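Visitor: One structure follows; several queries about it will come next.
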Amino acid sequence: MAERGESRLKVLARHLLGGGAGSGCPNCACKDASKRAPLELKFSPEVQQALQQGKPLVALESTIISHGMPYPQNLQTALEVEEVVRQHGAVPATIAIIGGQPCIGCDRQQLEHIARRGTAVRKVSRRDMPLVLGSSLDGATTVSGTMLLAARAGIKVFVTGGIGGVHRGGHLSMDVSADLTELGRTPVAVVCAGAKSVLDIPRTLEYLETQGVCVAAYGADEFPAFFSRHSSCKAPCRVDDPQQAASMIRASHELQLGTGLLLAVPIPEAHAAEGAAIQQAIRESLQEAEQRGIAGADVTPFLLECIRSKTGGASLAANIQLVKNNAAVGSQIAVALAAMS
């Protein structure tokens, strides 16, 4: 197991983001030593050891730290979520870009750097990678950006709060989150609380079907809507325990489908915010966003902050609880998957 892990790390170091002079790869375009040093993934010692030893790993995004909540609550939440992962037997790998360096696993100093800079840190999806890496910028990875780097690092399970989706009116504006297309082409299982309730959930599920993404609700028949356990949309399928979910992930990889899986975990009943109040806040926030001309990547952060304000912080408290719950479930799935290897 250890030998396989060490071999995989060597391959990752040479090839995943460019190879390198003297890497021994005759096909690498970067074998010319006069060219700029290639980009490589930087693994934290904890994550590197986990890869070498075949331990269960759980990827975590960094946009939730920079754009999801204010400092210092964002830093505290990030540390607490990592601890939840450890308590359930897995190793957390928070992914971010620091000075143009993709980091697979962030230490306390790096987490604090992202948390303090907050929204000044650029959100990074697949589209933004060339700019942020090529310009040596800091970047907080979104769902799609985290999936991409997690897959390159060999991590199969990723935990987040909620995914993006088709925006309301998206059939006219074509405003569709890159999360959905990434799920259609990157083999990472995403454990979340469903699609954010500010989105068009029926069209989001239709789009995922078109992308060939397996979508399952965890312990429920209905697809959850982030702050709410209910969306009025039946989930395409249901799983009830970590072993069943892990079996689906393994089957997907063995078949080389090349797509992700979406495992939607309802927010715990005890922490679910009042549905009617949240929905009213959503309607008011959508109207305000339209009136102010807010569009594109700025919509979701604006809506979430608006909703948080209008609900007196209830939505933020619910957000934190659902992320921790997702981390617990995702870690159990990662442990079950590692046991099948």
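The values are calculated or read from the model by the stated rules, or taken from the named source; none is laboratory data. For clarity, every value in this text was computed on a predicted model and none was experimentally measured. Don't worry about glycine lacking a Cβ; one is built from the backbone with ideal geometry, like all the others, and counts go over all protein chains shown. For the accessible areas, the whole protein counts, side chains as well, though only heavy atoms, and no ligand, DNA or RNA atoms are used. Shrake-Rupley method; radii C 1.70, N 1.55, O 1.52, S 1.80 Å.
Visitor: What is the distance, in nm, between label points placed 7 Å from the Cα along the Cα-to-Cβ direction at GLU83 and at SER173?
Guide: Between GLU83 and SER173, the label points sit 3.9 nm apart.
Visitor: Counting only protein heavy atoms and using a 1.4 Å probe, what share of the accessible area of the chain belongs to carbon plus sulfur, as a whole percent?
Guide: After summing per-atom areas, the C and S share lands at 50 percent.
Visitor: Related question: Assuming 0.36 nm per residue, please report the length gained on full extension of the stretch LEU137 to GLN291 beyond their Cα-Cα distance. Before the final figure, lay out the partial values.
Guide: Numbers: separation 154, 0.36 × 154 = 55.44 nm, distance 3.25 nm.
Gain in length upon complete extension: 52.2 nm.
Visitor: Quick check on packing: order 325-332, 214-221 by the mean number of other C-beta atoms within 10 Å, highest mean leading.
Guide: 325-332, 214-221
Visitor: Can you give me the angle between helix 2-11 and the longest principal axis of the chain, using Cα atoms only, in degrees from 0 to 90, rounded to the nearest 10?
Guide: So the helix axis and the longest Cα principal axis differ by about 90 degrees.
Visitor: In the chain, what % of DSSP beta bridges are antiparallel (nearest 5)?
Guide: 30 percent
Visitor: Could you work out how far helix 73-87 tilts from the main Cα principal axis of the chain, as a 0 to 90 degree angle to the nearest 10?
Guide: Roughly 60 degrees between the two axes.
Visitor: Which entries of LYS156/LYS196; LYS42/LYS234; LYS123/LYS234; LYS123/LYS324 have Cα-Cα distances beyond 29 Å here?
Guide: Where the Cα-Cα span goes over 29 Å, the pairs concerned are LYS42/LYS234; LYS123/LYS234.
Visitor: Per residue of the chain, what 222 nm ellipticity follows from adding -39500 (n - 2.57) for every DSSP H run with n ≥ 4, rounded to the nearest 500?
Guide: Values: 14 runs with 154 residues, N = 341.
Helix contribution divided over all residues of the chain: -13500 deg cm²/dmol.
Visitor: Just report the Cα centroid separation between segment 139-208 and segment 281-310, whole Å.
Guide: Using only Cα atoms to place each centre, the spacing works out to 19 Å.
Visitor: For a quick check: with amide H placed at 1.01 Å from N, whose amide H comes under 5 Å from LEU261's, ignoring anything fewer than 5 positions away on the same chain?
Guide: Placed amide hydrogens put VAL188, ALA189, VAL190 under 5 Å from LEU261.
Visitor: Taking the Cα atoms of the chain, report the difference between the largest and smallest coordinate on each principal axis, in whole Å and largest first.
Guide: Between the extreme Cα coordinates on each principal axis of the chain lie 61, 42, 37 Å.
Visitor: Karplus couplings for segment 264-269 from phi (6.51 cos²θ - 1.76 cosθ + 1.60, θ = phi - 60°), rounded to Hz, Gly and Pro as x?
Guide: Per-residue couplings from phi come out as 9, 9, x, 4, x, 3 Hz.
Visitor: For GLY139, enumerate residues with amide H under 5 Å from its amide H, sequence gap 5+ or separate chain, H modeled in the peptide plane.
Guide: The list, which skips near neighbours in sequence, is ILE97, ILE98, GLY99, GLY100.
Visitor: Leaving out ligands and nucleic acids, note down the accessible area per residue over the chain with a 1.4 angstrom probe, in whole Å².
Guide: 44 Å²
Visitor: Assuming 0.36 nm per residue, please report the length gained on full extension of the stretch GLN53 to ASP241 beyond their Cα-Cα distance.
Guide: Net length gain for the segment: 65.2 nm.
Visitor: If you look at just the Cα atoms of segment 199-274, how large are its Rg and its Dmax in Å?
Guide: Using the Cα atoms of segment 199-274, the pair Rg, Dmax is 13.0, 42 Å.
Visitor: Can I ask one more? Along segment 318-328, what does the Karplus equation 6.51 cos²θ - 1.76 cosθ + 1.60 (θ = phi - 60°) give for ³J(HN,Hα), rounded to whole Hz, x for Gly and Pro?
Guide: Result, rounded to whole Hz: 5, 4, 4, 5, 6, 5, 5, 5, 4, 5, 5.
Visitor: Let me test this: with uniform point scatterers at the alpha carbons of segment 82-192, what is the Debye-based log₁₀ I(q)/I(0) at q = 0.10, 0.11 1/Å?
Guide: So the normalised log intensities are -0.30, -0.37.
Visitor: Spelling out what I want: for every residue of segment 218-235, take phi, set θ = phi - 60°, compute 6.51 cos²θ - 1.76 cosθ + 1.60 (Karplus), and round to whole Hz; glycine and proline get x.
Guide: 8, x, 8, 9, 9, 6, x, 10, 6, 5, 10, 6, 10, 10, 6, 10, 5, 6
Visitor: In terms of modelled amide H atoms, which long-range or inter-chain residues lie less than 5 Å from the amide H of ALA217?
Guide: Here CYS237, ARG238, VAL239, ALA264 satisfy the definition.
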